[in-house]
1. Quick check on my filter: what residues within the stretch 178-219 are of a type in the set (Val, Ile, Thr), open to solvent by 10 Å² or more (accessible area, probe 1.4 Å) and either part of a helix (DSSP H, G or I) or modelled with pLDDT under 85 (or both)?
2. Conditions: (1) buried (at least 20 other Cβ atoms within 10 Å of the Cβ); (2) touching a Leu at 6+ places or on another chain (Cβ under 7 Å); (3) under 21 Å from Gly17 (Cα atoms). Tyr174 meets all but one. Number of the miss?
3. Of all residues being closer than 20 Å to Phe57 by Cα and in contact with a Gly (Cβ under 6 Å, 6 or more places away or on another chain) in the stretch 104-146, which is modelled with the lowest pLDDT? Just the residue, please.
Amino acid sequence: MLEALSFDFMQHALLAGILVSIISGIIGSLIVVNRMVFLAGGIAHTSYGGIGLAVFFGLPIFLGASLFAVVAAVIIAMLSLGNKSRIDTIIGLIWAVGMAIGVVLVDKTQGYNVDLMSYLFGSILAVSSSDLYFMGATLALVVLAILKYYREMLAVSYDLEYASIRGINVRFIYTLMLVLSALSVVVAIKVVGLILVIAMLTIPVYIAQHIGNSLIGMM
């Protein structure tokens, strides 16, 4: 068993699993308490448009998917803040547009023969060193944001009006949470794929809800 860890791809897989699990525990908690589980799936499928852009223009896959997912998250934040009843409709529209763009661009890319099934179901054994750097940077960004804005995120997650009365910049914090969620979804895609990213971000957190008695405890 330990002999398998002598291979680089096994070391990369182990590190990727650890990094993504920590990111998912933190961001998944925010997604669940904000009742935005559908958001994770929406951004995951929308980011397929970024994968298509990256393939078409010859950019790194993570870069294309991240930019597309972050733009989608900002749009969702702008349109849904103050009227969360519309968030499902907005996510559904962006979901469809992102997937359509990705499928069209990948189909139009000449000579591209990489198996895109790895992005649907994940390929943890194919994680590269550059992927690990991106995952590590994302984890650092998530942790720094939580350390700096935890109280603000807690207030916004449970009571927008209270947070606004306290003088918290609700729009900034809400957008920040969505952007961090988008980046977390992108890194999780490499490990578990578009199909299972919702499970990765929500099932462990659902279990943690029955163990921890606070948001930080869930994380």
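1. Val179, Val191, Val192, Ile195, Ile198, Thr202, Ile203, Ile207, Ile216
2. Every condition holds for Tyr174 apart from (3).
3. Val106
The values are calculated or read from the model by the stated rules, or taken from the named source; none is laboratory data. Predicted model only: the values in this text are computed from it and were never measured. Reconstructed Cβ throughout: ideal geometry from the backbone, glycine too, with neighbour counts over all protein chains shown. Please note that ligands, DNA and RNA were not included when accessible areas were found on the heavy atoms of the full protein model with its side chains. Shrake-Rupley method; radii C 1.70, N 1.55, O 1.52, S 1.80 Å.
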